[in-house]
Amino acid sequence: MDLMRAVIIGAEGTPYHDGLFFFDVYFPPGYPNGPPRYQVHYHSGGLRLNPNLYACGKVCLSLLNTWSGDKNQMWTPGVSTMLQVLVSIQILILNAKPYFNEPGWAPSKGTPGGEASSLQYNENTFILSLKTMMYMIRKPPKNFEDLVVGHFYSRAHDILRSCKAYTEGVQVGCLAKGGVQDVDEGEGKCSR
């Protein structure tokens, strides 16, 4: 039996920034001829932070064959890797506009209503992300206690600065080291 625990740090420019996202992976006997299907488990603390990350821990991703997608998005034996899965989670799921990960909401991307809903979703997602941070601090995954403590110790001031800025009207996901950043190139700066 092969097991792996991976952690992804939420990227700047997203409502997940500074969060720690732990995933447990079980590689079934057929791996790598098939994905670690239904075996990638997200430590959610019982919260759903993204349309693709369920409160029960399920990760919905075409590459894991847990979501229907084009054939080229599915697991390909001899080509697909666990690194590809983790990078896909980081880029496709923990992104700047997770609202549009929901297939029913994706067509509204770029519309005034869709963008307003996305901003509201990001605000709610950041609050849930803060709750998962507290969950991680209180109950860090076994053998990762030092990583969790060290991460939040080093990021505490930035997290608190973000909370303060967001309560003052800065758009969620716009803070980065050094100040306010663009969320979408060409769509204007995030501002108060």
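None of Gly46, Gly57 is closer than 26 Å to Asp146 by Cα, of a type outside the set (A, V, I, L, M, F, W, C) and touching a strand residue (DSSP E or B) at 6+ places or on another chain (Cβ under 9 Å) except Gly57. Checking Gly110, Gly78 one by one, the residue that is surrounded by fewer than 17 Cβ atoms within 10 Å (Cβ to Cβ) and either farther than 30 Å from Pro28 by Cα or touching an Asp or Glu at 6+ places or on another chain (Cβ under 9 Å) (or both) is Gly110 and no other. Here Phe126 does not qualify as in contact with a strand residue (DSSP E or B) (Cβ under 8 Å, 6 or more places away or on another chain) and not small (Gly, Ala, Ser).
For region 10-26, name all the residues that are crowded, with 16+ Cβ neighbours inside 10 Å and assigned to a strand (DSSP E or B).
If the condition is that a residue be crowded, with 16+ Cβ neighbours inside 10 Å and assigned to a strand (DSSP E or B), then Leu20, Phe21, Phe22, Phe23, Asp24, Val25 are the ones that fit.
Candidates in region 125-166 are the residues that are within 19 Å of Glu12 (Cβ to Cβ), over 17 Å from the mean Cα position of the chain (by Cα) and polar (S, T, N, Q); of these, the one that is surrounded by the fewest Cβ atoms within 10 Å (Cβ to Cβ) is Ser154.
Put simply, of Pro103, Pro107 the only residue that is of a type outside the set (Gly, Ala, Ser), out of contact with any Gly (no Cβ under 6 Å at 6 or more places or on another chain) and not in a helix (DSSP H, G or I) is Pro103. Mind counting the residues in region 111-139 that are part of a loop (DSSP other than H, G, I, E, B) and modelled with pLDDT under 95? Of the residues in that region, 1 qualify.
Take the conditions at pLDDT below 90 and out of contact with any Gly (no Cβ under 9 Å at 6 or more places or on another chain) and apply them to Gly179. Does it pass?
Taking the combined requirement at face value, the residue satisfies it.
The values are calculated or read from the model by the stated rules, or taken from the named source; none is laboratory data. Being a predicted model, the structure only gives us computed values, none of them experimental. Ideal geometry is used to build each Cβ from the backbone, glycine not excepted, and the neighbour counts take in all protein chains shown.
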